[in-house]
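Before any comments, here is the structure.
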Amino acid sequence: MPRSSMNDSTHRYFITATITDWIQLFQEPSYAQIILQSLGWHRENYRLFLFAYVVMPSHWHAIIKPIDMTIGMCLQSLGSYTAHQIIKLLKSDGRSDVLSIFQLKKRDKRSQYSVWQEIFSENIFSEKFLKQKMEYVHNNPVAKKKLCGDRADYLYSSACYYDLKKEPIIKIDDVNDYLCS
């Protein structure tokens, strides 16, 4: 269920979305791909600027700026699409173990499952705070989970772009270009 922050069309937002019960679903590439595909689609279709992202085994972070929509609408779109695709893939993969957890934890009478424990957005109101959140996003695989030795080597992150000027798995918008314009 999205938890919204103050909507301000001039702000960027730090996003965190966590799978119910912190299930490590995104360590499987097909499930991580759902998040990446959704972020990429939203960027390519001018629904948001995507400045940074990381997909961890049980959650993901991004720094975005919605285009022509509120942050709440943006989170709803990302959360709803990814939840439906995750449920669809879980059913296809016969993952009744995970589906039953999502069913037990459901929070909304309109839905049979609760995929997301929380989708949280935080206003980024200063360049200093932006830099802090960029570092947090990109250091997450190294500092928190030791998933890689160098953050630029983590496949599901935009760190390679900022550290090595190498294209990440999905395209992003360079935050430095945005700050200069």
Query raised in the report: Has the stretch 27-34 got at least one residue that is in contact (Cβ under 8 Å) with a residue 12 or more places away in the chain, among the hydrophobic types (A, V, I, L, M, F, W, C) and surrounded by 22 or more Cβ atoms within 10 Å (Cβ to Cβ)?
Result: no
Query - Restricting the stretch 87-122 to residues that are touching a strand residue (DSSP E or B) at 6+ places or on another chain (Cβ under 8 Å) and surrounded by 16 or more Cβ atoms within 10 Å (Cβ to Cβ), the residue that is nearest to Ser30 (Cα to Cα) - result: Val115
Report task. Could you run through the stretch 85-98 and say how many residues are more than 21 Å from the chain's Cα centre (by Cα) and in a helix (DSSP H, G or I)? Result -> 4
Requested in this report: Scan the stretch 58-84 for residues that are without any contact (Cβ under 8 Å) to a residue 60 or more places away in the chain, assigned to a loop (DSSP other than H, G, I, E, B) and closer than 25 Å to Asp174 by Cα and jot them down.
Outcome: Ile67, Asp68, Met69
Report summary line: Checking Ser77, Ser96, Ser111, Ser92 in turn, the sole residue that is out of contact with any Lys or Arg (no Cβ under 6 Å at 6 or more places or on another chain), at pLDDT below 95 and hydroxyl-bearing (Ser, Thr, Tyr) turns out to be Ser111
Query - Subset of the stretch 28-53 (residues that are under 16 Å from Ser121 (Cβ atoms) and touching a strand residue (DSSP E or B) at 6+ places or on another chain (Cβ under 9 Å)) - result: Ile35, Leu39, His42, Arg47, Leu48, Phe49, Leu50, Phe51, Ala52, Tyr53
Query - Of all residues in the stretch 119-138 being part of a strand (DSSP E or B) and out of contact with any Ser or Thr (no Cβ under 7 Å at 6 or more places or on another chain), the one that is nearest to Trp22 (Cα to Cα) - result: Ile119
Report task. Answer yes if at least one residue in the stretch 135-143 is modelled with pLDDT under 95 and in contact with a strand residue (DSSP E or B) (Cβ under 8 Å, 6 or more places away or on another chain), and no otherwise. Result -> yes
Report summary line: Those residues of the stretch 85-140 which are in contact (Cβ under 8 Å) with a residue 60 or more places away in the chain and among the small types (Gly, Ala, Ser) amount to Ser114, Ser121
Report summary line: How many residues of the stretch 126-138 are loosely packed, with under 13 Cβ neighbours inside 10 Å and either in contact with a helix residue (DSSP H, G or I) (Cβ under 8 Å, 6 or more places away or on another chain) or among the aromatic types (Phe, Trp, Tyr) (or both)? The answer is 1
Query - Failed item, numbered, when Ser58 is tested on (1) within 17 Å of Pro141 (Cα to Cα); (2) modelled with pLDDT under 95; (3) not hydrophobic (A, V, I, L, M, F, W, C) - result: (2)
Query raised in the report: When the residues of the stretch 139-181 are filtered to those that are hydroxyl-bearing (Ser, Thr, Tyr), buried (at least 18 other Cβ atoms within 10 Å of the Cβ) and not in a helix (DSSP H, G or I), which remaining residue is farthest from the chain's Cα centre (by Cα)?
Result: Tyr154
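For every residue, the table says whether it meets (1) under 16 Å from Phe102 (Cβ atoms); (2) of a type in the set (Phe, Trp, Tyr).
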residue	(1), (2)
Arg43	no, no
Phe49	no, yes
Tyr53	no, yes
Ser80	yes, no
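The values are calculated or read from the model by the stated rules, or taken from the named source; none is laboratory data. Note that this is a predicted model, so its numbers are computed, not measured. In this analysis, Cβ positions are derived from the backbone assuming ideal geometry, glycine residues included, and neighbour counts consider all displayed protein chains.
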